[in-house]
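Trainee: Sharing a structure with you now.
The values are calculated or read from the model by the stated rules, or taken from the named source; none is laboratory data. Remember, predicted model here, so these are calculated numbers, not experimental data. When we count neighbours, we look across all protein chains shown, and the Cβ atoms used for this are built from the backbone with ideal geometry, even at glycine.
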Amino acid sequence: MSEINRMERLEKLVEEQGEEIRLLRQQVELLQQSLNPVPTIKRDVQQPAVREVPVKPARVQQEPNKEVEPKKEPEKVDWEHFIGRVWLPRIFILVLLLGVIWGFKAAINAGLLTEPVRCGMGLAASIVLLYLGERQMRLNRDALGQVLLGGAVSLLMLTTFAAHILYGLIPAVPAFLLNVGFIAGGIFLSVRHRSEALAILSSIGGYMVPFLIKSTAPSTVFFVGYEVLLSATFLVLSVRKGYEKLYYASLGLFHLTLLVFAGFVHIADEHVLAIGVLAQHVVILALLFLRWKMGETQSITLFTSAAVTTAWWYGLLGNTDSRFYEGFLLVLAIFYGGVALWRRKDSEDQVAAYVSISAFSLMIYLIHVFQGSSEAVALLAEGTGVLILALLVRSGLQLATGTVVYLLGLLLTLKEPIGKIVSGPTLAWVVLLGTLTLLFRQIRKSTEGENELQIPLQLPKGIALSGAVLLLVFLTQITDVLAEPLSRDGKHMAISFTWAFSAIAVILFGIIKRIKLARLFGVILLFVTLLKLILIDLPSVSVLVRAVLFIGLGAIGVAISRFFYQKKE
């Protein structure tokens, strides 16, 4: 018994100690919670005192969010740097040059400066600007240094111009060579200091050089050859260095100088100017083939250059030598079609540019060669082919080109009415309706797939409605031709019943195919036919014709409504 009592005492002692440990643990947890407001993860279910500890969960949730996702302040433009270091020297170097020019003028008026002294001072000032510009570049003051270097090149060219044109101190050939040397120096400085601004300034001066040389009989061959060589130089520089602004400037300045030359100088040979424009286009294509890429810029400018080249050739040779111009267009279309097949593994934007140039050239050729309905048929066929190819290869540029060609063919088809059943306009309408059906199916497939061209989902419905309206116009013209022997009343009856039966056909088609849009279009056509009877036919036809028209149309409307009741049941 004593052993049993001893065991019971030990068990009771263990229970009491366990209870004390549990109470101590609760007190420790309460003390921790009072010192730290963050709630502990582990809690004992049987401790109601924990709920009495004040906890602020909102503050606890906000603090870590502020640390993880800090608010980003918008970047502030340093206007002091932008104005003081970038634009201030650019503007005031022009002010300085104007001051120097006016100072020269005042000194000349006073008789203090002779002509050779003026040129020498211009040369000395250019050397000083060149020295100061190089010094600023070494001190990492790029904006100021580029302005001073650009001013040095410009002042050298102005000095040479004054010595040659104004004072006659330098003959034409040395003056031209000096200007070319200054342009080469500007290119060297732009490459050395990696400055696109210097390169653009040098290109502007380079394109102006032929106009700074005095010549009584300017040579078209020399002018065009020089401009093509200069344009090729700056195009190569821009592509190699990635100067996109210089690339666009070289293209635009080339055509601008040719336009000025053609406008102010009598051109003895238009073919030379046309070949020069084509030569620049060939340079652009060659740079694209050499894979010196600048993204999509070259593909877009290749297409633009082809369009501008075609316009130049039309303006120069379209009226004087039309066969040569037509041959050029045909060769250009065939050439770029072959290039598209040959370079089909190039990037998508390049292949799209090749195909678009071929389609554009062929469109101009067809417009120039064909007339009337034949022209419309040719353009509709070409536009359909380009659009289907664009949908298959998913090219936005081809899609735009094909749309322009097709819409032009559509407008030419609408322009010429049908006079006979068997005629060119009838063929054009048949081709229009057939190609429109083909395009509707192809575009609907494209919108149901991945739709990478971002074609609007409502476009197939729009094409379907347009096709229905065009079909009604076609049937109206055919009915008008067939009803030619009839009287005026007979023509009105024939056209009205043609519209009514067309509405029946469209509604039945919509019921069979379960196309709500077709059924709605048919009903609207019935109401349009009724309006035609009231507004156009009623005042001009006899009572008998009115009776026949209204009886027939009323019967058709009632019968059609019966179809809708059956559909609802």
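Trainee: Grab the helices (runs of 4 or more DSSP H) fully contained in region 357-455, keeping just those with 3 or more residues being touching a Cys at 6+ places or on another chain (Cβ under 7 Å).
Mentor: Output list is empty.
Trainee: Here's a follow-up. Those residues that are of a type in the set (V, I, T) and either under 15 Å from S202 (Cβ atoms) or at pLDDT 90 or above (or both), I need them from region 220-238; list them, please.
Mentor: V228, T233, V236
Trainee: Now a separate question. As an exercise: evaluate G276 against (1) surrounded by 20 or more Cβ atoms within 10 Å (Cβ to Cβ); (2) touching a Phe, Trp or Tyr at 6+ places or on another chain (Cβ under 8 Å) and give the number of the one condition it does not meet.
Mentor: Here G276 clears every test but (2).
Conditions (1) more than 28 Å from R394 (Cβ to Cβ); (2) acidic (D, E); (3) crowded, with 21+ Cβ neighbours inside 10 Å; (4) modelled with pLDDT under 90, marked per residue:
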position: G295; (1), (2), (3), (4): no, no, no, yes
position: L302; (1), (2), (3), (4): no, no, yes, yes
position: W313; (1), (2), (3), (4): yes, no, yes, yes
position: G318; (1), (2), (3), (4): yes, no, no, yes
position: W342; (1), (2), (3), (4): no, no, no, yes
position: K345; (1), (2), (3), (4): no, no, no, yes
position: V351; (1), (2), (3), (4): no, no, yes, yes
position: S373; (1), (2), (3), (4): yes, no, yes, yes
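Trainee: While we're looking at this one, here's another question. Could you please give the count of residues in region 467-524 that are under 23 Å from G434 (Cα atoms), among the charged types (D, E, K, R) and over 42 Å from the mean Cα position of the chain (by Cα)?
Mentor: Within region 467-524, residues that are under 23 Å from G434 (Cα atoms), among the charged types (D, E, K, R) and over 42 Å from the mean Cα position of the chain (by Cα) number 1.
Trainee: Among the residues of region 302-330, write down those that are closer than 14 Å to H255 by Cα and either among the hydrophobic types (A, V, I, L, M, F, W, C) or in contact with a Gly (Cβ under 8 Å, 6 or more places away or on another chain) (or both).
Mentor: Answer for region 302-330, where residues must be closer than 14 Å to H255 by Cα and either among the hydrophobic types (A, V, I, L, M, F, W, C) or in contact with a Gly (Cβ under 8 Å, 6 or more places away or on another chain) (or both): A306, A307, V308, A311, W312, W313, L316.
Trainee: Quick check on L427: is it aliphatic (A, V, I, L, M), more than 28 Å from the chain's Cα centre (by Cα) and modelled with pLDDT of 90 or more?
Mentor: Against the criterion (aliphatic (A, V, I, L, M), more than 28 Å from the chain's Cα centre (by Cα) and modelled with pLDDT of 90 or more), L427 qualifies.
Trainee: Here is a further query. Across region 253-263, what is the total count of residues that are under 20 Å from L288 (Cα atoms) and at pLDDT below 90?
Mentor: The number of residues fulfilling the criteria is 0.
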